[in-house]
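A.B. asks: This is the structure I have questions about; it appears just below.
The values are calculated or read from the model by the stated rules, or taken from the named source; none is laboratory data. Quantities reported herein were computed from a predicted structural model and do not represent experimental measurements. So basically every Cβ, Gly included, is an ideal-geometry build from the backbone, and we count neighbours across all protein chains shown. The area values use the complete protein model at the heavy-atom level, side chains included, leaving out ligands, DNA and RNA. Shrake-Rupley method; radii C 1.70, N 1.55, O 1.52, S 1.80 Å.
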Amino acid sequence: MKTITLTPDVNGMVDWPTLSNDKKSVVTVGSFDGMHQGHQAVIRRVAELAEQEKAFSVVVLFDPRPAMAHAYAAQHDGQDPEAGVRDVEALTSVDERLRAIDAIGVDYTLIVRYTMAFAAKSYRFFLGQMVGKLGMRTLVLGSDAAMGAERAGNVKAIENLALATGVFQLDVVNDLGPGETRVPVNAKPVMPSESGEPSDPLEGATKAERRAWSKKHQAKAVRVWSSTNVRYLLGRGRIKDADAILGHAHAVEGTVAHGEERGRTIGFPTANLSENVEGYLPVDGVYAGWLVDLGEKPAEAEEKPEDGVSRQYDSSSTNARLAAQSLYRWPAAISIGTKPTFNENGDAQRVVEAYAITDDWLDLYGHQARVEFVGFLRPQIKFDSADDLVAELKRNVEETKRLTA
């Protein structure tokens, strides 16, 4: 897969590349945060149609997420997010999304920096650019997609435009999954109070009970297959439900750094991720999952891609490590939180620690590591003694073995 990074100018204009003078393209557009099953269905359809039509398959990937960019602008007098501003609500990093897109077999991914000037362009203008510059013959969208200024380019409007102009076709993918659910507006993460995977509070509820719950929590209707719902579920410790929507285990990645090494003194040495974790952290708690060693980060990975330059996406390094699961992947008991038992200074910094269940001694300092979540074990609590903590960790390890078997 080839990737091209594109930055709009101050007027929101993008210097789109010419992919070919005669070969057409099948295109989809979005941020694809989380790469859940709905996203995967849309991108697989792009690859399928491109193969049928002997065209290029193209994903236009917005970075940062439009929701984050608009929220930032609303709080900063309409300014675009500055370089280095971390999107704490993003489920997955851009690199994670690129790996997933590459695995589907897409020809081109165009990473477009989402700016307010770019967002102000009408969907008609944007689609005209797709047709004129990228040779778009077919546009593939999810069933509730919207684009352009004020999100005026919904599926119906784009369908009418396609029929009126005749220059491109619209292919709509049913990416709704099991339908709709309810998510509280402005929901904040809430750590479960009990051990074990939390249940759906609306499971088995009557229509009246659902209405009462929605009113109490000011809940809105969202697609089950949506990044919003996944984020909500992770913020409630409902890992299995989130993973079912994603079609894979939710994961975060970071560099293994030196910690206080207190775990080593009690017989549970952990791999501690540095502060700059990529991916959405579930709510505080102890989880069952996997620790994956991605090796040392290549020096060239630190280089910022040149704008407008086409490059072959090299997924071989990370994907090869991910594929070699038997060599680089271990069941792990994972802790997210502020280490209440030993937090004598009241430090509120959240830490990600993974205890790999293996008899081998692991030296992962400086390596990139991936932590995958498969189930919630228990909330973070303060133990009366180190012995009590050790006894509980032993139970967590046994439960992790069961969930990852």
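A.B. asks: If Lys133 satisfies every condition in (1) basic (Lys, Arg); (2) at pLDDT 95 or above; (3) farther than 27 Å from Val371 by Cβ but one, which is the exception?
C.D. replies: (2)
A.B. asks: Of the residues that sit in region 215-233 and are surrounded by fewer than 18 Cβ atoms within 10 Å (Cβ to Cβ) and charged (D, E, K, R), which one is nearest to the chain's Cα centre (by Cα)?
C.D. replies: In this case the residue turns out to be Lys220.
Matching residues to (1) charged (D, E, K, R); (2) more than 30 Å from Arg370 (Cα to Cα); (3) part of a loop (DSSP other than H, G, I, E, B):
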{"residue": "Val85", "(1), (2), (3)": "no, no, yes"}
{"residue": "Val88", "(1), (2), (3)": "no, no, yes"}
{"residue": "Asp102", "(1), (2), (3)": "yes, no, no"}
{"residue": "Leu127", "(1), (2), (3)": "no, yes, no"}
{"residue": "Asp144", "(1), (2), (3)": "yes, yes, yes"}
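A.B. asks: Out of Arg236, Arg182, I need the residue that is surrounded by 16 or more Cβ atoms within 10 Å (Cβ to Cβ) and touching a helix residue (DSSP H, G or I) at 6+ places or on another chain (Cβ under 6 Å). Which one?
C.D. replies: Only one candidate qualifies: Arg182.
A.B. asks: Would you call Val112 open to solvent by less than 30 Å² (accessible area, probe 1.4 Å), of a type in the set (A, V, I, L, M, F, W, C) and part of a strand (DSSP E or B)? Spell out how you get there, then give the answer.
C.D. replies: Details: open to solvent by less than 30 Å² (accessible area, probe 1.4 Å): yes; of a type in the set (A, V, I, L, M, F, W, C): yes; part of a strand (DSSP E or B): yes.
Judged against the criteria, Val112 is a match.
A.B. asks: Also, quick follow-up: So which residues in region 22-52 are assigned to a loop (DSSP other than H, G, I, E, B) and either surrounded by fewer than 19 Cβ atoms within 10 Å (Cβ to Cβ) or in contact with a strand residue (DSSP E or B) (Cβ under 6 Å, 6 or more places away or on another chain) (or both)?
C.D. replies: Asp22, Lys23, Lys24, Ser31
A.B. asks: Right, something else. Exactly one condition in (1) open to solvent by 30 Å² or more (accessible area, probe 1.4 Å); (2) not in a helix (DSSP H, G or I) is not met by Leu19; state its number.
C.D. replies: Condition not satisfied by Leu19: (1).
A.B. asks: Please list, ordered by residue number, the helices (runs of 4 or more DSSP H) wholly in region 207-297 having 2 or more residues that are aromatic (Phe, Trp, Tyr).
C.D. replies: Because the criterion is at least 2 residues that are aromatic (Phe, Trp, Tyr), no helices (runs of 4 or more DSSP H) in region 207-297 meet it.
A.B. asks: Here's something else I'd like to know. Can we say Asp77 is in a loop (DSSP other than H, G, I, E, B) and over 19 Å from Thr7 (Cβ atoms)?
C.D. replies: yes
A.B. asks: Would you point out which residue out of Asp307, Asp314 is assigned to a loop (DSSP other than H, G, I, E, B), open to solvent by 40 Å² or more (accessible area, probe 1.4 Å) and at pLDDT below 70? It would help to see each step written out before you state the result.
C.D. replies: Values: Asp307 fails: at pLDDT below 70.
Within the list Asp307, Asp314, the selection yields Asp314.
A.B. asks: Cβ-Cβ distance below 7 Å, separation of 6 or more or different chains: which pairs start in region 191-205 with a residue that is polar (S, T, N, Q) and end on one that is assigned to a loop (DSSP other than H, G, I, E, B)?
C.D. replies: The qualifying pairs are Ser193/Pro379.
A.B. asks: Okay, next question. Can you tell me which residue is farthest from the chain's Cα centre (by Cα) among those in region 163-180 that are among the acidic types (Asp, Glu) and in a strand (DSSP E or B)?
C.D. replies: Asp171
A.B. asks: Being of a type in the set (Asp, Glu), in contact with a helix residue (DSSP H, G or I) (Cβ under 8 Å, 6 or more places away or on another chain) and at pLDDT below 95: is that true of Asp200 here? Reasoning before the result, please.
C.D. replies: Values: of a type in the set (Asp, Glu): yes; in contact with a helix residue (DSSP H, G or I) (Cβ under 8 Å, 6 or more places away or on another chain): yes; at pLDDT below 95: yes.
Criteria met by Asp200.
A.B. asks: Please tell me if Asp243 is in contact (Cβ under 8 Å) with a residue 24 or more places away in the chain and open to solvent by 40 Å² or more (accessible area, probe 1.4 Å). Let's see the steps before the verdict.
C.D. replies: Details: in contact (Cβ under 8 Å) with a residue 24 or more places away in the chain: yes; open to solvent by 40 Å² or more (accessible area, probe 1.4 Å): no.
In short, no.
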